[in-house]
Amino acid sequence: MADPKTPWLRNYPGDVPHSIDAKLYENLSVFIDDVCSRYAKRRAFVSFGSSITFEDFKHRVDCLAAYFQQKLGVIQGDKLGVILPNLIQYPIAVFAGIKCGMQIVNINPLYTSHEMLGILRDAKIKIVVAFEKCNQSLLKVLDQTYLQHYISCSVGDCMPYFKGMVINFTARYIKRLVPSYDGSSLLYFNDCLREGEKYLSAFKAVDMKFDDIAFLQYTGGTTGKPKGAMLSHGNIIANVVQADAMYGPRLKKGDETILTALPLYHIFAMTVNLMFAMYVGCTNILIADPRQFPTLIATLRKNPDISIITGVNTLFNAFVHYEVFKKVSLPHLRIVIGGGTAVQHGVADQFLKASGIPIHEGYGLTECSPLCCVVPYTQTEFTGTIGVPTPSTLARIVDTSTGEEIWDPNRPGELEFKGPQVMKGYFDNELETRNVFDDDWLRTGDIAEWSDNYHIRIIDRIKDMIIVSGFNVFPSEIENVLSHNPKILECAVVGMPSKSTGESIKLYVVRRDWTLTKEEVLDYCRQYLTGYKVPKHIEFVETLPKSAVGKVMRRYLKQNRLK
């Protein structure tokens, strides 16, 4: 009989272990050397039609690491800011920094200079490797940072010479995608690789420990203001091994191809699409800008060997509403993982109908490297749950009023975790670190409940819950109901002040069918929702505000309402 504190273990497939060897590698430098040795001749990354093997990838990593160490004089603990979209330069920069003992700080290249400045200063970043489209805005704030060296990357840097030259010329001078800047103080990526090759014989990888910090991953986290989650080498390695325990039995190592449309600077893609994918020897097809949807579909058509797709609800919703996707043949597709934000039931049903493959939801937080729960690979239908905790992960649901642990199904409370993937804390922020831990349990800020078979069902964020006349209303429930309406493309629900009920419900709707009226929406809601859950206010909008990874940002909707 299963331990009463781990009742979900009964749901593990027979070939999934209950625990893992978290210390499979001492650090990520050893990890990358081993992976590149095992899959040396296999294609590691494909970007804009150009590819490199694992062997070639390792050589470029070592060249850049040698440049960092021998030319720029970096030492263990220095911070490296990586401000890149999904280009081959991204993993090269990340692993080069890791081999030198640096702490990697991922920064969204779409951020404004003000947003970047906050992270650059807070983390005390010494070197950045940045996309050239960011150069103009970053150079304006350079004197307000701790930066000593700035390395600029172009799209074509890792391509064959003439192809790269043409692509860079087109981006800069024909499409004019790169704002003008004074590059006299900058270093350039390919120059650094060439010069670094001269120092290879002198380079020595730093011997990091399992508990040394590998990443400062900035997040709004569970409390709002961006903070740097300190993720150790051990945190990331443990999470990779946990992912392999859950998905590995379904995969053939060294013979898989993964589509990476989610940004690698986001923790979900960084761990699953980069670290885990490399561990199992995937060929990684990088999509620099998934907003260019026709290009994304063309990539799917050109790569019928794609066997793994990761995405968020926004991406899957775009797929199912794009008729051409339904004609794309992906005969080798075997695993589709949804994360970042909850996948709506209606979207999952349509994706299954279009592709024949169910979406397996995962759940995680930046503070957990990020993976905590996944739906077992044996599940053939969308469950609407986040599945079960990964091996060596403990989970509990706690009554927010009493602090009592809840083990009865269908009783909501706050979800908490502990495990080898949980962060050490927030960088230079002891107060927030104390606030997010309940003893040694990480508080997620999510309301969840156990299903009857001890899968975990996320209800909503605590901070997003709306209280109408004393009744708890969860926006995700209303949004899920409306996801089945064929006239609605997407929607979002927020609470607004009400003198009579405390809060009332406001619904923002992006119409798929422009004939849809507010009364039709209300009639649809009344058909499936009890009275106090029916929105009192409806607004039709052209788009919803989203984060880089596709999460709807309800706080922006609330701010607009307050204005």
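The values are calculated or read from the model by the stated rules, or taken from the named source; none is laboratory data. Because the structure is a prediction, the values reported are computed rather than measured. Cβ: placed from backbone, ideal geometry, glycine included. Neighbour counts: every protein chain shown.
Table for the structure above
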read-out: The lone exception for Gln103 - which of (1) within 25 Å of the chain's Cα centre (by Cα); (2) within 17 Å of Met278 (Cβ to Cβ) it fails; value: (2)
read-out: Any hit, the range 501-513, residues being of a type in the set (Val, Ile, Thr), surrounded by 14 or more Cβ atoms within 10 Å (Cβ to Cβ) and either touching a residue at least 60 places away in the same chain (Cβ under 8 Å) or in the same structural domain as Ala395 (by TED's automatic domain parsing) (or both); value: no
read-out: Qualifying positions in the range 156-192 - outside any loop (DSSP other than H, G, I, E, B), acidic (Asp, Glu) and surrounded by 17 or more Cβ atoms within 10 Å (Cβ to Cβ); value: none
read-out: Hey, Phe210 on the phi < 0 side of the Ramachandran plot, outside any strand (DSSP E or B) and either in contact (Cβ under 8 Å) with a residue 24 or more places away in the chain or not assigned by TED's automatic domain parsing to the domain that holds Ile125 (or both) or not; value: yes
read-out: Residue in the range 262-289 that is surrounded by the most Cβ atoms within 10 Å (Cβ to Cβ), counting only those that are polar (S, T, N, Q) and closer than 20 Å to Asp56 by Cα; value: Asn273
read-out: Which numbered condition Leu259 fails, given (1) crowded, with 21+ Cβ neighbours inside 10 Å; (2) modelled with pLDDT under 95; (3) among the hydrophobic types (A, V, I, L, M, F, W, C); value: (2)
read-out: Elements of type strands (runs of 3 or more DSSP E) contained in the range 1-119, each with 3 or more residues being of a type in the set (A, V, I, L, M) and in contact with a strand residue (DSSP E or B) (Cβ under 7 Å, 6 or more places away or on another chain); value: 79-83
read-out: Strands (runs of 3 or more DSSP E) lying entirely in the range 396-474 (those with 3 or more residues that are farther than 18 Å from Gly340 by Cα); value: 413-418, 441-450, 466-468, 471-473
read-out: Unmet requirement for Tyr150, which otherwise passes all of (1) assigned to a strand (DSSP E or B); (2) more than 18 Å from Ser180 (Cα to Cα); (3) not basic (Lys, Arg); value: (2)
read-out: Strands (runs of 3 or more DSSP E) contained entirely in the range 215-323, each with at least 3 residues that are of a type outside the set (Val, Ile, Thr); value: 227-232
read-out: Failed condition for Lys327, given (1) out of contact with any Ser or Thr (no Cβ under 9 Å at 6 or more places or on another chain); (2) at pLDDT 95 or above; value: (2)
